[in-house]
Each structure stands twice: as C-alpha cells, then as structure tokens.
Amino acid sequence: MHGVETGRTRLVQFKTEAGERKVAVVGADGETLLPIQGFSTVHELALRSMETGTALEALVASLPREAAIDYDTVLIAGRVLPPLDHPEPARFLITGTGLTHTGSATARNRMHTDTHGPDAIESDSMKIYRMGLDGGKPAEGAIGIQPEWFFKGVGTCVVPTGAPLDLPGFALAGAEEAEIVGLYIVDEAGQPRRIGFTLGNDFSDHITEGKNYLYLAHSKLRECSLGPELLLGELPQEVSGNVRIIRDGEVVWDEPFLSGESHMSHSIGNLEHYHFRYPMFRRPGDLHAYFFGADAMSYASNVKTEVNDEFEIVSPTFGKPLRNRMVAGPEETLFTVTPL
C-alpha cells in the first residue's frame, strides 16, 4: 500500500451522525478530519474565495477548525460525500477526454484491430493519440492540438466513495477507468476557476464502445465516482497509484498507473482550453468535473468484470482510496413519450 503524501491541503465533504453537512481539512496524519468552522461545503468555500479575492488554499489555511474526528469512522459509516457538488445538480457538468495516456490509446486501438483485423489501417484512436504527442503541449501562450472530448452527465450521476455504481440493464459491460479529475467553478465574469483535483472512476461500457466508435457517447452515459479527497493547489507532474478489482474479498486484478502531465500527451492547460472555449461551459455559477484520461484499465488486460466486483483506486497524492462496488441496475424497459 502506498503511503500518503504530506504537506498538501486536501478537503473532504461529509455528513455528521445527525445528518449535518461539513467540509473538513484532512489532518497531517491522513487519518483525521478537521471540520472548518462556518462552512458546510466546498462550493461555499469557492464562493467566498472569489468574493474576497483570496486564493482558496490561503482561505482554508486562515479559517478556524473544530475538533478532529476519526476519518475511518466516517468512511465506514458511509457518510463521506463527493468532494464537490452544487445545490442545483444540473449545474454540475461532468465531462472528460480520452487517449491522453498510452494505456488508453493502446486499449482503444485493440478494439479496432479486434473488429477489423491486425492488418487494418491505423485506427482513429492511435491517430488522435499521436496528434496529442505532436501538439498537445504547446508553448506558453499558444493553442495546441484538439483532444478527444465526451459528455458524462450532470451532478446526479456522481456517487461518493463507498456507494454502489449501477450497471444498467441495457449495458453490455461495466468497468473502471481510474483517472485524475479537475474540478472548476465559473466566476461572475464567466472566467473558469480551478478549485483543485480529485480521483475519479469514469465507469464505462467498453464492449458497447468497441462495437463502433460512434457508440462512445452511449458507453459514457453512466454513473461515475469522485473522491474522497479534493487536492488544492497545483497537480504534481507525476501522480502514481494502483487500480484494483476485488472479488469475494480477493484481488483478481491489480495494476499500477502513472498520470500527471509527465505521463500525458496533452498539458492540462490545453485540455482546459478546448473545454472552456465553448461559451456554454462558461456560464457564471456552474461547476465542472473534467476527467483527464486513464493509464491502466482492466478491460485492456482482458479482465471480465462481474456484478459485485469492487473497484479500488489509490494514490498517495490523494490520500484515502476511492472504492465502489458494481451492482446490477434494473432491467431495461421501453420508454415512450407522451404527447401533451
């Protein structure tokens, strides 16, 4: 198990036993939570940061804290919340990009060769990955090459650590994608402001996607998980960790991953430009969660996931692991539209 990096400010949102919301700083030992007095959400902290012109990390450092509580007790009780949410969930937009790491590009390319044979021309997935290698990290002040992009959903599709991930009845498969996620708020002037970073599981249906590239959108419209911790400040150039699948208490797949800009074909700034260049994503007051792409994926290792598998994503940069169990959702029924 990786140790926890110290010296970085990380926040956790949770509920007390009485159901009261709190936002806390993770203690230096990684095992305690120090609730911040006067604030109950990260959203409130972000608003105050913008109102006062105080950097969020400095604001958090200046605020008084309540007595420490045991972190594991809150986790075991299922009271940890996603690291960011909006009072109006439809104003929390969940999006992402793929083909930013060698692992994802290789896996996507294999989908192509499995369908069209090993002698097929280079797939669009490998082409766009190579485009990122060539132009995804432009010089300061320049615009780089355009990445892939997808829409995941809105705030209602986000679940916290410990909560189940529903496998829809119509899904052909469900598997994890361990990723770093940027979290943002748009200020009153329409300027995106980065709140921080968190771990994410971009839960997806890779069999549906593999049938045809144009099914990528359908494969992504699923629940996802974020957290449990929100890292303030800049992301380290290298982020290491492990992603695992646990079945009946046994680890059936375990692989290290490397992320951060040192291991990506695009800079974070380039990804952010190509997301926020659209005016619809610069609406004042909206929140955004942006998945930066995966490095290691079980489906790329020919692992077939099963209902009740638990996905675990852990990195010393982000403290406690992100854990979620895949459960069977309701069977599909025909949806019809009723005229007015």
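Which residue is nearest to Leu99 (Cα to Cα), if the candidates are limited to region 187-224 and must be buried (at least 21 other Cβ atoms within 10 Å of the Cβ) and aliphatic (A, V, I, L, M)? Only one residue fits best here, namely Leu199.
Per-residue answers, yes or no, for (1) touching a residue at least 40 places away in the same chain (Cβ under 8 Å); (2) under 19 Å from Leu271 (Cα atoms); (3) in contact with a Phe, Trp or Tyr (Cβ under 8 Å, 6 or more places away or on another chain):
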site: Pro160; (1), (2), (3): yes, no, no
site: Leu167; (1), (2), (3): yes, no, no
site: Leu172; (1), (2), (3): no, no, no
site: Ile180; (1), (2), (3): yes, yes, yes
site: Leu199; (1), (2), (3): yes, yes, yes
site: Glu209; (1), (2), (3): yes, no, yes
site: His218; (1), (2), (3): no, no, no
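Does Pro138 meet the test of being touching a residue at least 12 places away in the same chain (Cβ under 8 Å), under 24 Å from Leu231 (Cβ atoms), assigned to a loop (DSSP other than H, G, I, E, B) and not hydrophobic (A, V, I, L, M, F, W, C)? In short, no. Set side by side, the residues Glu188, Glu179 differ, and just one is touching a Pro at 6+ places or on another chain (Cβ under 9 Å) and charged (D, E, K, R), which is Glu188. Looking at Pro35 and the list (1) in contact with a Lys or Arg (Cβ under 6 Å, 6 or more places away or on another chain); (2) surrounded by fewer than 16 Cβ atoms within 10 Å (Cβ to Cβ), which single condition is not satisfied? Result: Pro35 fails condition (2) only. Inclusion of Asn324 among residues that are closer than 30 Å to Phe170 by Cβ and modelled with pLDDT under 95 is not warranted. Within region 314-340, if we keep just the residues that are touching a Leu at 6+ places or on another chain (Cβ under 6 Å) and of a type in the set (A, V, I, L, M), the residue that is farthest from Ala294 (Cα to Cα) turns out to be Ala328.
Sort out which residues of region 247-280 are part of a loop (DSSP other than H, G, I, E, B), within 30 Å of Val25 (Cα to Cα) and free of Cβ contacts under 8 Å to residues at least 40 places away in the same chain, and write them in order of number. Across region 247-280, there are no qualifying residues. Condition (residue is modelled with pLDDT under 95 and among the aromatic types (Phe, Trp, Tyr)) applied to region 247-260: is it met by at least one residue? No; the residues of region 247-260 include none that is modelled with pLDDT under 95 and among the aromatic types (Phe, Trp, Tyr).
Condition first: crowded, with 20+ Cβ neighbours inside 10 Å and either under 15 Å from the mean Cα position of the chain (by Cα) or more than 30 Å from Leu11 (Cα to Cα) (or both). Now tell me which residues in region 324-340 satisfy that.
Selection gives Asn324 alone.
Taking region 1-111 and the helices (runs of 4 or more DSSP H) fully enclosed by it, the elements with 2 or more residues that are under 22 Å from Pro160 (Cβ atoms), out of contact with any helix residue (DSSP H, G or I) (no Cβ under 7 Å at 6 or more places or on another chain) and at pLDDT 95 or above are at 42-52, 71-76. Being modelled with pLDDT of 95 or more, of a type in the set (D, E, K, R) and in contact with a helix residue (DSSP H, G or I) (Cβ under 6 Å, 6 or more places away or on another chain) holds for only one residue in Glu188, Glu238, Glu272, and it is Glu238. Based on this model, can you work out whether Lys22 counts as basic (Lys, Arg) and in contact (Cβ under 8 Å) with a residue 60 or more places away in the chain? Taking the combined requirement at face value, the residue does not satisfy it.
The values are calculated or read from the model by the stated rules, or taken from the named source; none is laboratory data. Note that the coordinates shown come from a computational prediction; the quantities given were computed from them, not determined experimentally. Note that each Cβ is placed from the backbone with ideal geometry, even for glycine, and that neighbours are counted across all protein chains shown.
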